[in-house]
Amino acid sequence: MSNENLFVHLRAAFPAALDAVAVETDDGLCYSWRDLERASAMLANLLDSLELPAHSRIAVQVEKSVEAMLLYLATLRAGHVFLPLNTAYQSAEMQYFIENAEPAVVVCSGKNFGWLSKIAFTAGTRHVFTLNDDRTGSLLERAAHQPDTHVPVVRTANDLAAILYTSGTTGRSKGAMLSHGNLLSNARTLQSYWGWQTGDVLIHALPIFHVHGLFVAIHGALLNGSAMLWQSKFDPKRVIADLPRATVFMGVPTLYVRMLAEPTLTPQACAHMRLFIAGSAPLLLETFEEWQKRTGHTILERYGMSETIMLPSNPYQADSRYQGQAERRGGTVGFPLPGVELRICDDQGQPVGTDEVGGIQVRGPNVFGGYWRMPEKTAEEFTSDGFFKTGDVGRRDARGYVTIVGRSKDLIISGGYNVYPAEVEGFINELPGVAESAVVGVPHPDFGEVGVAVLIPKPGAALDPAAVIATLKGRLANFKVPKHCVVTPELPRNTMGKVQKNLLRDQYRNLFQPA
Ligand code: MCA
Ligand code: AMP
């Protein structure tokens, strides 16, 4: 039986010159391909030494570091399941993830060990290690004693490789289960569709606890044997300074907006670049056009989800499936990737015609197997013929380009992070003096969209908007905290009594827009 462990395929793509630089960090450290091989082996041996049950979840909430990426590779190598968690998550959020996923191992920053280990041990986790972004912590101390060779555990394409929690429109977050086959098939498709080539160098400036930074960016570079210029935190000046040594950059729209604000962004600075890719949130046409004007490069926009990895993409070069069209069209997300079936359906599930709007459904080897321990929720999200209902609303034009026009799910995408109003409202409604709340997304020049909370006080209660925001900051990941809070006597409702969020959105639409 061939070994379909994703690590085996990534490792096979390492260049023959193992001493060449694979990752260069912003603090000047260089890791060779041999370093990646050896250090991930040591970490995999450490996991083996714990004698965990097969397919154990390894939950990781640490700052971005090359070692955190190595832990991901080691988890694959050892045949376990990687569970990355945003460092912004607070204790209530972490408690839910840990109780739900029941990880055998939790890895956290040293500064969080106290409270997080308590949650983990109470939930039955046997091992809690620390890993700091300065290469200290018990994980590396323990791994240092392990052998630096390791034979990857045999896994089938259907075996679980990672769980990514994505919030739900109702209820709590759901863990999207991605297999080795999901990840490898999508990475291979992107390697060819985006024309990855020898000599490519990727600027990696995204967080590595979500699909974009962890899978699309890292798999892209590793599967191509390409070096990465690694930024622990996005800094527009630093990215622009690195452009002359790089060829590929990936970012959420906010990253492009912030780079455009830098006078050093010029055609000369971008002359060595081959490709700029954007996704995770809608890229405004004005950003797309301004980038073209300022740099001479046309951003390639693509669209994906935690449940599916990448779905459609604008073409890098002529796409023979679509009459050889090669144009990257701003405002669209391009053509379904090779191997991805995409259809747009009405509420009855019937495909709509050209240019007609409907729900986007997808099927393909990249689509996840289901939500962790939520068979009913999984069943609800798939059609009887196996298409996944994305909750995004779009249309396809006569040339084949897909445009996302909205979402049927009540979701705010802020700086590339997803915020589910229902979750935030749940936290707000528990605050003393709050009778009810509604959270809506409004346009924001930096984050694209941000949340605004509209609160109804209980009779006789006086609510202080600033205090509400301050309290939420201690309880919710910071990007989920509304950027503005309004107290009002009532919410607009329709005849059925349902809050009319569209009216609230209209009312606060210009809150953050320059006059
Ligand atoms: C930071 N803040 C935010 C956000 N990020 N507020 C709203 N939305 C955000 N995304 C707030 C903090 O709460 C804080 O507020 C203040 O901004 C400064 O925080 P800091 O951490 O310093 O912010 P930053 O470093 O400037 O971060 C902004 C960022 C970051 C670089 C845009 O959010 C980011 O890296 N976003 C990328 C997300 C991503 O990778 N998404 C991919 C998901 P205060 O001072 O009030 O506390 S994968 C996906 O979507 C799918 C599958 C796909 O298609 O790719
Ligand atoms: P996540 O839960 O992080 O997987 O976010 C997935 C969601 O991000 C999708 O369902 C879309 O709503 C949104 N998304 C990703 N890429 C794009 C894009 N290029 N344009 C618009 N929305 C996008």
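Label sites at Cys30 and Ala398, each approximated as a point 7 angstrom past Cα along Cα to Cβ, lie 5.5 nm apart.
For segment 194-333, the square roots of the Cα gyration tensor eigenvalues, ordered a ≥ b ≥ c, give a/c below 1.5, which places it in the rounded category.
Just the number, please: percent antiparallel of the DSSP beta bridges in the chain, rounded to the nearest 5. Working shown, then result.
Values: 48 of 80 bridges.
So the antiparallel bridges amount to about 60 percent of the total.
For a modelled paramagnetic label at Ala271, 7 Å from Cα along Cα-to-Cβ, the residues of segment 277-314 in reach, with backbone nitrogen under 19 Å, are 292-298. If you sort the three axes of the alpha carbon gyration tensor as a ≥ b ≥ c, you get a/c of 1.5 or more for segment 162-237 and a/b no higher than b/c, which makes it oblate.
In terms of its Cα atoms, the chain spans 67, 58, 51 Å along the principal axes, sorted from long to short. In the chain, helices alone account for a calculated mean residue ellipticity at 222 nm of -8000 deg cm²/dmol, with every DSSP H run of four or more residues adding -39,500 (n - 2.57).
Over the chain, average the accessible area per residue using a 1.4 Å probe and give it in Å², no decimals.
Details: 20760 Å² over 515 residues.
It amounts to 40 Å² per residue over the chain.
At the listed q of 0.09, 0.11, 0.14 Å⁻¹, the Debye profile of segment 70-213, built from one uniform point per Cα, gives log10 I(q)/I(0) equal to -0.33, -0.50, -0.82.
Check each of the chymotrypsin sites (Phe, Trp or Tyr not before Pro) in segment 43-130 and keep only those in coil by DSSP with at most 13 other C-beta atoms within 10 angstrom; list them in order.
Details: sites: Tyr72, Phe82, Tyr89, Tyr96, Phe97, Phe113, Trp115, Phe121, Phe129; in loops: Tyr89.
Passing sites in segment 43-130 do not exist.
Can you compute the label reach from Glu430? Point 7 Å from Cα along the Cβ direction, backbone N cut-off under 14 Å, restricted to segment 71-94. 90-94, by backbone N distance to the label point.
Using the Cβ-Cβ distance between Ala379 and Thr156 with R0 = 22 Å, the FRET efficiency computed as 1/(1 + (r/R0)^6) comes to roughly 0.40.
When the accessible area of the chain is split by element with a 1.4 Å probe, what percent falls to carbon and sulfur? Looking at the chain in its full context, I get 52 percent from C and S. Straight Cα distances below 14 angstrom link Lys501 to the aspartates and glutamates Asp410, Glu425, Glu436, Glu490, with same-chain residues fewer than 8 positions distant left out.
Each label was represented as a point 7 Å from its Cα along the Cα-to-Cβ direction; for Met496 and Ala422 these points are 1.4 nm apart.
Using R₀ = 35 Å, calculate the FRET efficiency as 1/(1 + (r/R₀)^6) where r is the Cβ-Cβ separation of Asp19 and His145; round to 0.05. Can you show the working numbers first?
Working: r = 24 Å, r/R0 = 0.70.
So, using R0 = 35 Å, E works out to roughly 0.90.
The distance between label points at Ser109 and Arg321 comes to 4.1 nm (points 7 Å beyond Cα on the Cα→Cβ vector).
List the pairs from Lys233/Lys480; Lys64/Lys111; Lys111/Lys233; Lys237/Lys480; Lys409/Lys458; Lys64/Lys237 whose alpha-carbon separation is above 21 Å, in the order I gave them. From Lys233/Lys480; Lys64/Lys111; Lys111/Lys233; Lys237/Lys480; Lys409/Lys458; Lys64/Lys237, over 21 Å: Lys237/Lys480; Lys409/Lys458.
The values are calculated or read from the model by the stated rules, or taken from the named source; none is laboratory data. What you see is a predicted model; the values in this text were computed from it and never measured. Note: ideal-geometry Cβ built from the backbone for every residue, glycine included; neighbour counts use all protein chains shown. Areas reflect the complete protein model, heavy atoms only, side chains present, ligands, DNA and RNA absent. Shrake-Rupley method; radii C 1.70, N 1.55, O 1.52, S 1.80 Å.
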